[in-house]
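*Asks:* Supplied in structure tokens, the structure appears directly below.
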Amino acid sequence: PEEEAAEPRRPRDTRGAAAMAARELTQMSVLDEGTLASNMKAMLDGEQVYARSGQLLISLNPFRPLGLYGEKTLLEYRSSTNPGSLPPHIYGVAAEAHARLIERGKPQTIIISGESGAGKTENAKYVMEYLASTVVMPPTVGASGKASTGSESARSQGGMLAFFGMGSQSNVQDSGGGGSLHDRLLRSNPLLEAFGCARTEHNANSSRYGKFVELRFDRTGKLTECRLTTYLLEKSRVISHAAMERSYTALYALCAGASSRERKDLSLPATADHFAYLRPLQPRAGEDDVATQVSVREAFERLGVVPTDQADVFAILAAVLHIGNVAFERKAPGASGDEGDMATLEAATAKQALKAAAGLLGVADSHLSEAMLAQRMRAGAEWVTRSHHVHEATSTRDALAKALYANLFAWLVRRISESLRA
């Protein structure tokens with residue numbers, strides 16, 4: 001018999017699923033693992049990703065944009081005198097923490113935890129976005145239909161916004177021309193994502209480090225300072241990654257978005273797969289490394305990083321990549337036959353990579369090669385030089401690349417923190 005024609009796909013009606021899902025878990029009559037899992041599934045079917053249990057916010061990663069964020073939603077939570085009465089949302093968590101900070105005058109802590117791919121980085125960004133917005137008074141519409149700002153808006157609304165007492169412009173300006181604190185805080189995100197995030201098997205933008213962010217406010221609730229502390233950077237990802245994963249995004253962005261002058265100065269080839277540390281290279285839909293490099297440059301400019309420092313950052317990134325192409329070979333046995341397992345640099349491509357890395361780091365080729373091929377140590381009153389085996393030279397090379405990247409990341413974090421304290 002002939003097959004029946006398939007019915008055309010109809011838009012999914014999510015209203016029923018959304019109505020069935022409980023977003024206030026304390027109101028559920030039964031709360032066990034099975035009912036919680038069923039409720040979470042109903043939430044996703046209804047395109048809702050947040051549920052609340054007391055002060056705990058449960059967040060689901062839908063792995064697709066749902067339009068749950070933006071200025072309109074943010075202003076809804078900022079203008080509310082009771083954010084807890086609104087539907088569960090990450091903006092609500094930030095709003096309640098900010099309100100308690102002002103009302104009680106005591107430090108507040110927001111802990112964002114979960115497994116890889118759960119959405120920690122994205123939710124942290126939205127918390128920062130909300131709290132950064134507290135240095136700008138949003139316009140409101142009064143009964144006359146005219147927009148009002150600043151102290152007029154604060155007097156008319158009362159509640160949380162009455163504590164701000166600020167105009168429509170940012171209250172904290174950077175004397176160095178780096179823009180407002182609000183702008184600098186948000187502009188730090190592209191740098192941290194590029195230099196500290198990487199694609200994993202389950203997450204296209206996974207943070208490979210821990211982060212502690214301290215935001216300081218004055219007595220009126222204005223954001224005045226930000227301090228950033230990072231720890232446990234995954235240094236091993238600089239030199240290797242799984243088949244479907246990537247190293248740090250900044251390395252690919254430099255290869256894809258470098259200018260013609262930079263390609264010449266940094267000895268960058270046309271494609272990233274030239275570098276051993278970036279292989280295997282398997283692009284994924286939606287990855288735009290050129291756009292990432294553009295956002296990195298813009299973020300540097302907004303944070304007041306001078307062009308010479310930017311050039312140094314890109315030079316160190318390129319040096320790390322060239323170091324990965326320094327491949328060692330076993331030295332040919334000598335007359336005594338006791339040097340056959342020692343490492344040496346013979347291939348032209350390895351020597352070329354060494355020369356490029358040394359030039360970018362500002363050291364002599366011979367000094368860099370000696371540091372990889374041999375170890376100088378003290379034995380009593382004398383200094384002894386011991387040649388490295390191939391695996392020892394390779395480990396030394398990789399350790400250097402990891403140390404360079406880790407120190408560059410630490411400098412970047414310090415630079416961001418200095419900008420946010422200016």
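*Asks:* Look at the range 52-85 and say how many of its residues are among the β-branched types (V, I, T) and farther than 22 Å from S116 by Cβ.
*Replies:* First, the residues of the range 52-85 that are among the β-branched types (V, I, T): 58, 73, 81.
Narrowing the set further to residues that are farther than 22 Å from S116 by Cβ leaves 73, 81.
Total meeting the criteria: 2.
*Asks:* Out of the range 83-95, which residues are free of Cβ contacts under 8 Å to residues at least 40 places away in the same chain and open to solvent by 50 Å² or more (accessible area, probe 1.4 Å)?
*Replies:* Listed by number, the list holds a single entry, S85.
*Asks:* In the range 46-102, how many are within 27 Å of the chain's Cα centre (by Cα), part of a helix (DSSP H, G or I) and among the polar types (S, T, N, Q)?
*Replies:* Residues in the range 46-102 being within 27 Å of the chain's Cα centre (by Cα), part of a helix (DSSP H, G or I) and among the polar types (S, T, N, Q): 1 in total.
*Asks:* Another one. Could you check the range 179-203 and list, in sequence order, the residues that are among the aliphatic types (A, V, I, L, M) and at pLDDT 85 or above? Show your work before the answer.
*Replies:* Quick first cut of the range 179-203, residues among the aliphatic types (A, V, I, L, M) only: 181, 185-186, 191-192, 194, 198.
Listed by number, the residues that qualify are L191, L192, A194, A198.
*Asks:* Quick one: which of L215, L254, L268 is open to solvent by less than 70 Å² (accessible area, probe 1.4 Å) and in a loop (DSSP other than H, G, I, E, B)?
*Replies:* Numbers: L215 fails: in a loop (DSSP other than H, G, I, E, B); L254 fails: in a loop (DSSP other than H, G, I, E, B).
Exactly one residue qualifies, and that residue is L268.
*Asks:* (1) at pLDDT 80 or above; (2) open to solvent by 60 Å² or more (accessible area, probe 1.4 Å); (3) assigned to a loop (DSSP other than H, G, I, E, B): which one isn't true of G176, the others all being true?
*Replies:* It is condition (1) that G176 fails.
*Asks:* The conditions are (1) in a helix (DSSP H, G or I); (2) polar (S, T, N, Q); (3) open to solvent by 30 Å² or more (accessible area, probe 1.4 Å), and S240 fails exactly one of them. Which is it?
*Replies:* (1)
*Asks:* Also: Tell me the helices (runs of 4 or more DSSP H) entirely within the range 332-422 that contain at least 1 residues that are within 30 Å of C197 (Cα to Cα), among the charged types (D, E, K, R) and open to solvent by less than 40 Å² (accessible area, probe 1.4 Å). Spell out the reasoning first.
*Replies:* Values: elements: 348-361, 365-373, 390-421.
Output list reads 390-421.
*Asks:* Tell me, yes or no, whether the range 228-244 has at least one residue that is in contact with a His (Cβ under 8 Å, 6 or more places away or on another chain) and at pLDDT 90 or above. Before you say what the answer is, go through the steps one by one.
*Replies:* Of the range 228-244, the ones in contact with a His (Cβ under 8 Å, 6 or more places away or on another chain) are none.
Looking through the range 228-244, none of the residues is in contact with a His (Cβ under 8 Å, 6 or more places away or on another chain) and at pLDDT 90 or above.
*Asks:* Kindly provide the set of residues from the range 310-341 that are modelled with pLDDT of 90 or more and more than 30 Å from the chain's Cα centre (by Cα), ordered by number.
*Replies:* Filtering the range 310-341 for residues modelled with pLDDT of 90 or more gives 310-330.
Scanning the range 310-341 gives A327, F328, E329, R330.
*Asks:* Give the residues of the range 55-82 that are open to solvent by 60 Å² or more (accessible area, probe 1.4 Å) and among the aliphatic types (A, V, I, L, M), sorted by residue number.
*Replies:* Hit for the range 55-82 is L56, nothing else.
The values are calculated or read from the model by the stated rules, or taken from the named source; none is laboratory data. All figures in this text were calculated on a predicted structure; none of them were measured in a lab. Because the Cβ atoms are built from the backbone with ideal geometry, glycine has one as well, and the counts that use them run over all protein chains shown. Surface areas here come from the heavy atoms of the whole protein model, side chains and all, with no ligands, DNA or RNA. Shrake-Rupley method; radii C 1.70, N 1.55, O 1.52, S 1.80 Å.
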